[in-house]
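Report on the following structure.
The values are calculated or read from the model by the stated rules, or taken from the named source; none is laboratory data. Everything numeric here is computed off the predicted structure, so don't read it as measured data. Quick reminder, even Gly has a Cβ in these numbers, built from the backbone with ideal geometry, and neighbours come from all protein chains shown. Ligands, DNA and RNA are excluded from the accessible area calculation, which covers all protein heavy atoms including side chains. Shrake-Rupley method; radii C 1.70, N 1.55, O 1.52, S 1.80 Å.
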Amino acid sequence: MCAIITADCLPVLFCSADGTEVAAAHAGWRGLCAGVLENTLEQFHSPPHQIHAWLGPAIGPDAFEVGAEVRQAFMAQDPRAEAAFRPAGGKFYADNLAAGALTSADRRHAIHQCRQPLHLTTDGDDFFSFCRDGITWRMATLIWLL
C-alpha cells in the first residue's frame, strides 16, 4: 500500500495496466518543478504506455496563487509551462502544472489522466483546505495491490 498525505497539494496515484505495480506522489509545486512525477514514473518496470495516473483533489485554479519566482522556475524547466499561469494582480494563478509532467513529449500518449474537477477550495463540504480555512487538516490518498 502507498499513501500520500496532503493539505492543498495534489496527490497523484499511479498503477500499471496489469495491476502489478502502484505508486503515489505528493505533487506540490516544488516537487512538480523538481520532477517528482517523472521520477516516480521512472521507477516502474511496465512500459510507459501501460501506466495510468489519477490526479486527486487539490487546490483549485482560482485559488492557487503563486509569485513570479514560481512561474519562472517552471518556465525555466519548460517554456510551454507559461500556459499554466494567468495573471492575478502582482501574482499568478496556476493550473494544470501536473499535466505538463504527465504529457511531456516522450509520454504524450502513454499516461491517462483521470481527473474529476475536485477543488479543495470550492468543494468545501467534501474536503479540507488549509488555504481556504486556515486550519491544518490533512487528507490521506491511498492505493494498493490486491
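Odds and ends about this structure:
- Residue list for segment 39-51, filter: of a type outside the set (Ser, Thr, Tyr) and either surrounded by 15 or more Cβ atoms within 10 Å (Cβ to Cβ) or farther than 14 Å from Ala98 by Cβ (or both): Leu41, Glu42, Gln43, Phe44, His45, Pro47, Pro48, His49, Gln50, Ile51
- If the condition is being open to solvent by less than 50 Å² (accessible area, probe 1.4 Å) and within 15 Å of Ala99 (Cα to Cα), then segment 52-63 contributes Ala53, Leu55, Gly56, Pro57, Ala58, Ile59, Gly60, Pro61.
- Of the numbered criteria (1) under 15 Å from the mean Cα position of the chain (by Cα); (2) surrounded by fewer than 19 Cβ atoms within 10 Å (Cβ to Cβ); (3) in a helix (DSSP H, G or I), the one Ala3 fails is (3).
- Restricting segment 66-104 to residues that are in contact (Cβ under 8 Å) with a residue 24 or more places away in the chain and hydroxyl-bearing (Ser, Thr, Tyr), the residue that is least open to solvent (accessible area, probe 1.4 Å): Ser104
- Matching residues in segment 17-42 - criterion: being outside any strand (DSSP E or B) and at pLDDT 95 or above: Thr20, Glu21
- Selection status of Ile111, within 19 Å of Glu42 (Cα to Cα), surrounded by 14 or more Cβ atoms within 10 Å (Cβ to Cβ) and modelled with pLDDT of 90 or more: no
- Residue in segment 130-138 that is in contact with a Phe, Trp or Tyr (Cβ under 9 Å, 6 or more places away or on another chain) and at pLDDT 80 or above present: yes
- Within segment 19-35, one or more residues are open to solvent by 50 Å² or more (accessible area, probe 1.4 Å), in contact (Cβ under 8 Å) with a residue 12 or more places away in the chain and more than 11 Å from the chain's Cα centre (by Cα).
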